[in-house]
Amino acid sequence: MAQTPANELQETVFSIPKMDCPSEERLVRMALENSTKIENVTFDLNARTVTVAHSDSVPYLLGLLEPLRYGAVEKETRKAQRGSVPNQEAIQATDQAEMKALYWLLGINGVMFFVEIIFGIVAQSTGLIADSLDMLADALVYGISLYAVGKSIAAKNMAARTSGWLQLLLAGGSLFEVVRRFFMGSEPMSTLMIAISLIALCANVFCLWLISKHRDGGNHMKASWIFSSNDAIANTGVIISGGLVALTQSRYPDLVVGLIISVVVASGAFRILRMSRNPA
């Protein structure tokens, strides 16, 4: 493949086979921020590609993506056409609008974490507890994105590492709770599980409404739409497990859902930690 010389504005399309959810999109974005020669980044989660307008070397950009282990490869590099890269004022205006939505998402996820963790303990539900930690993990990802704006590369990587370790700690606590309740026993309150999960589902539907005006922009807000959609699916899973608990009078559906969500949170934590090892 013919290479466009470095230091000349160019567009490179990277194929990233393992980038298929919004949290992975955000980690890719943060990894690329280690380059100071990037003008714009556009994601397409459906095609699993990212298009980068830059004046850096392609091997260097691939090196930034390599610690994520998402299988990133160069698909195409071309000279950037005049007008193909948005001007800085337009980018800043869009960023301001998106940041307002991100603050709402951060606040809603933070509040729902406290609601679900409290009632999860009361209801003896590992599913609710794990889902609350998933909410907190989401809030940490949004918080990192907001904190990273205008910060140095070292500060961004430190924030990512801190978030990664916190998420890993949370996932470990959730897994411990699943194991503890498996051996010690529990009596999940199905009615309370379903009621709180319905509230969480409504919160995520509200998040989807907030993001709806941004999701067609071809940027990371489209990914946030999918992020909240996935959260809604997790809420539905807890609701279903609550129904199964009531139907079967068994605690195992609750334990299974708690285990699945805990593993998902742990997986996200490892990905953040791998990304944050990029040299500043």
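The values are calculated or read from the model by the stated rules, or taken from the named source; none is laboratory data. Fair warning: this is a prediction, and the values are worked out from it, not measured in the lab. Counting neighbours? That spans all protein chains shown, and the Cβs are built from the backbone with ideal geometry, glycine included.
Only a single item in (1) closer than 22 Å to W209 by Cα; (2) surrounded by 13 or more Cβ atoms within 10 Å (Cβ to Cβ); (3) at pLDDT 85 or above is not met by T94, and it is number (3).
Residues that are among the hydrophobic types (A, V, I, L, M, F, W, C) and at pLDDT below 85 are absent from the stretch 114-127. In the stretch 64-88, the qualifying residues are those that are part of a helix (DSSP H, G or I) and modelled with pLDDT of 85 or more, and the one that is nearest to V28 (Cα to Cα) is L65.
Hey, does the stretch 247-254 have a residue that's assigned to a helix (DSSP H, G or I), over 14 Å from E116 (Cβ atoms), aromatic (F, W, Y) and modelled with pLDDT of 70 or more? Yes, the stretch 247-254 contains at least one residue that is assigned to a helix (DSSP H, G or I), over 14 Å from E116 (Cβ atoms), aromatic (F, W, Y) and modelled with pLDDT of 70 or more.
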